[in-house]
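Where a number appears in this text, it was derived from the coordinates with a stated rule and is not lab data. Quick caveat: nothing in here was measured; it's all calculated off a predicted structure. Neighbour counts are summed over all protein chains in view; Cβ atoms, including those assigned to glycine, are modelled from backbone coordinates with ideal geometry.
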Amino acid sequence: MQPEIDGKTPEAFWQDRYEKATGATSGKPTHTLESYVSDRAPGLALDLGCARGDDVVWLAQRGWQVLGVDIAEAALTHTLANAERNGVTDHVRLERHNLAESSPKGHFDLVTASFLQTPFDFSWDEVIRRAAAALRPGGLLLTVTHQRVAPWSWSPPELDLPDAETLLAALDLRPADWQRVFVGPVDRIAKHPDGRSAPVTDAVIALQRRAG
């Protein structure tokens, strides 16, 4: 069992966070998702840690069938409402998983995990490795994690977070099975809903599973 933080389990911690989330979402996909998926033919996508569903909706609007997964029921409620507002519920399925304990079933043409990070002990590499194994030949594995965070993040700004090459090495994937599309840092400006902004760095991994 995972330890508690401030008396909360991982499920309770994230449930509380998403229950308190108010106002409209940005309505925009993660920059990395838009950059690497815009030109791909739609298929079946898996979004790990779907949060309030902007990536799920963006994919569904482009013809993807999307399975959105999150640990918090409140996040899935937000995602469903987002899909309903945008008229894409027929392209969306949702499942609740604590990915440290269970994984969604199936085979996919896209696995995306945007900022799948947590203050709890969490084996990111094991979770992503299992998801990568579910990719069909030609499918894309796309992950983006915080490498340098904004001051308002739950993660302390001085925390030493791994870069993309370190994360890729931890995945221990057979190089012969994967084509490197991009592995490295991406600098951008993060914006807070209250108007603040700050420079941040993302660690991006984009790999395509080789056919055969």
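Some notes on this structure:
- Grouping the Cα pair distances of the chain into 10 Å bins from zero gives a pair-distance distribution of 8, 34, 40, 16, 1 percent in increasing distance order.
- Computed over the Cα atoms of region 5-75, pair by distinct pair, the Kirkwood hydrodynamic radius stands at 13.3 angstrom.
- Spin-label pair Phe182/Asp121, simplified geometry with 7 Å Cα→Cβ offset, distance in nm: 3.5
- Rg over Rh, two decimals, region 21-129 (C-alpha only, Kirkwood Rh): 0.93
- The aspartates and glutamates within cross-link reach of Lys105, meaning a Cα-to-Cα straight distance under 17 Å and a gap of 8 or more places when in the same chain, are Asp47, Asp70, Glu95, Glu126.
- Globularity ratio of region 103-187, using Cα Rg and 2.2 N^0.38 Å: 1.15
- Point-to-point label distance, His31-Ser102, nm (Cα→Cβ direction, 7 Å offset): 3.6
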